[in-house]
Every structure is written in structure tokens, then in C-alpha cells.
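First comes the structure, then the notes that go with it.
Each reported figure results from applying straightforward, stated rules to the coordinates on display, with no laboratory input. Just so we're clear, the structure is a prediction, and the values are computed from it rather than from any experiment. When we count neighbours, we look across all protein chains shown, and the Cβ atoms used for this are built from the backbone with ideal geometry, even at glycine.
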């Protein structure tokens, strides 16, 4: 193969065939992908099936703790997992800019393959397009995923699911992904330690669902962060959300960058964090299970569901004041996931 992507790699001819066989199939190889038909044969399926799709346009495509390929797998796996599904199969569509170094595309494909194996999912179908130089920013990826509903999670946003007194738990520090990507993009010297939290959460979530039926609601904290998810919950349920700013787990370096750049960590994207709304009686058990995993070592309670201020999210500050949390308006960080 050439050392850079050419328009002819997307023409459907010999170079396309070689790109698929020598790069994508070599990394993603499995029985369902190998026939390279227009559709993957998944076999007989039992139980409720969930399906999701997402597109990834992060800039830069490589950043501390991850890259666009790992992000594409984790993001779709997590979208299924927080809906209560056990992810099984992914598809991957690539829009590649002419001139992209082949070595970088190889790194992305290898990262996707490694994360898919770690998450226990198969990439079973895909598509490749090449656009003229200047018509994209190196690489965009779309992934779609199929999973099957866990028998103990029978699904979010029913009116009677979230109740007054339910507790809010996050599985760890907020804003790491957003700051890691920002630092890589702007070449900020922020010291060691801040890396993207990009990770597949399906194993941890399945373990939690196996051990308790006290989980009312789950959502991963990607674009718009914790604040946006809580506003959506308040909107939908008509209940109030009370959060404790002092309880929010945020690295000092993340706070520092946010103060310097005029950002709010509550709205920053995360790629390995989720929020649980849980029955108060299940809190201690869930915290213990979360802390037993590296992906939940910093888990903590950050708020609760209340009857006051219905449909609104209110955060108590460390000095005893109150702040209304609204949905994100405008754009904090472009091309973050």
C-alpha cells in the first residue's frame, strides 16, 4: 500500500480492496466480518435488542489517554451499556481525508481492534470513503452498535422510574477527557496526570446490574457533561435535582485549566464516566462495587432527587449559596468527541 491515503483508496478498485484486506480486516478479523458481504449475518437473536449509532470528529485525533479509534468503540459500547444493554456487535464507517498518513490510520485501526477485544464486542461490518484534501480533518468515524437488554434493567425514563429521595452517583473524576483533548489541541503545558478517561464501561455496568436491582437510571456523561444530563432528567420527570458542588470529584488540574480558560467542568465531555440514579437503600452496595473497579475507584454521591424546584437543577455551593444549572448554550469545546 502507499504511505498516504489517495482518492483511489476510496474508488472501489484495487487500492480499496487492498486497504480493506491489508489494514481493516487484518485488525478486525472475525467470522462475521470475514465474508465481506454488504451485511453481516448475526445469527438468531433472543431478548430485547438495542441499537445505537454515533459519529466521532475529535481534534486532534490522538490525545493523552486515547485516540479517535478508541473513542469510537468506547462511545458506542457505552451508549448501549448505560441503556442496560450488553453490547455485542459494532459497525465502523470511515471518512478519510486524502493525504492522511497510512501509519496514522493503522494506529487508529489497531486501537479500535484492541478496545473492541477488551470490551468483548466484534466489529462485523464497515465502510470506507475518501474525500478530497481539505474536505475533512484527517478522519471521521461512525460506529453503530447492537446489544441485548440486561434482564434486570427494563428501561429508562418511564415516569415512575426516578423517585424523590433517589441518590446521584458518578463513577469518578469529571472533565478529564475535555481537558486532555483541549491541552493536546492547544499544546498546553498542564503537567502530568490529566489523560482522557476514555474506557469501555460495559463490563463494570453489567457487574452492577448483576448485583442489584436498585438502579433507576444510567447515562454516560459525554457532550454537555453531568449538567446537561441532569437537566434532561429534571425536564422529563418534573422532579428537582439537588447537587452538592463540594462533593463533585474534579482534579485540581482540571479546575485550574477551567478557571484559566473560562470553562465549567460540569459541562465538559467525559468518555469513561456515567451517572447512576439509584434507590437510597442501594447506595452503599453500589459504591462498594464501583470502588472495587479501577473504572469506579473515585465513585461518590453528588446529589439527590427532590420535590423542591420541580423541573430544575440546583447546585449548592461550598459557601452555602445556590446556583441554577441550565443546559449548555453555545459551544465550550469544538470537535471534542
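Need one word for segment 29-144: rounded, prolate or oblate. Basis is the Cα gyration tensor (sqrt eigenvalues a ≥ b ≥ c); a/c below 1.5 gives rounded, then a/b vs b/c decides. Prolate, because a/c is 1.5 or more and a/b exceeds b/c.
Ordered by packing density, taken as the mean number of other Cβ atoms within 10 Å over each peptide's residues, highest first, how do 51-64, 32-45 rank? Write down the numbers at each step before the final one.
Working: 51-64: 18.3, 32-45: 11.6.
My ranking of the peptides, most packed first, is 51-64, 32-45.
Only beta bridges with both residues in the chain are counted; by DSSP, about 75 percent of them are antiparallel.
Based on C-alpha pairs under 8 angstrom that are at least 6 apart in sequence, segment 65-198 has a relative contact order of 35 percent. Contact order, relative form, for segment 167-325: 42 percent (alpha carbon pairs under 8 Å, 6 or more residues apart, mean separation divided by residue count).
Assuming a ≥ b ≥ c are the square roots of the Cα gyration tensor eigenvalues, decide whether segment 167-325 counts as rounded (a/c under 1.5), prolate (otherwise, with a/b larger than b/c) or oblate. Taking the square roots of the gyration eigenvalues as a ≥ b ≥ c, segment 167-325 is oblate. For helix 225-237, what angle does its Cα long axis make with the longest principal axis of the chain, in degrees from 0 to 90 and rounded to 10? Helix 225-237 and the main axis of the chain meet at about 60 degrees. Within the set (1) 38, 31, 15; (2) 36, 24, 16; (3) 51, 21, 18, the number that semi-axes √(5λ) of the Cα gyration tensor in Å takes when calculated for this structure is listed as (2). Cα centroid separation, segment 284-337 to segment 40-66: 26 Å. Calculated mean residue ellipticity, 222 nm, the chain: -8500 deg cm²/dmol, from DSSP H runs (n ≥ 4) at -39500 (n - 2.57) each, averaged per residue and rounded to 500.
The distance linking segment 175-238 with segment 113-130 is 22 Å (Cα centroid to Cα centroid, whole angstrom).
Contact order, relative form, for the chain: 22 percent (alpha carbon pairs under 8 Å, 6 or more residues apart, mean separation divided by residue count). Against the chain, whose longest principal axis is taken from its Cα atoms, helix 176-186 shows a tilt of about 50°.
Distance from a point 7 Å along Cα→Cβ of residue 55 to each backbone N in segment 1-29: keep the residues under 19 Å and list them by number. Inside the label zone: 10. Compute the helix-to-body angle for 68-82: its Cα long axis versus the longest principal axis of the chain, expressed 0 to 90° and rounded to tens. Around 50 degrees separate the two axes.
Shape verdict for segment 182-240, please, from the Cα gyration tensor: rounded (a/c under 1.5), prolate (a/b greater than b/c) or oblate. Verdict is oblate for segment 182-240.
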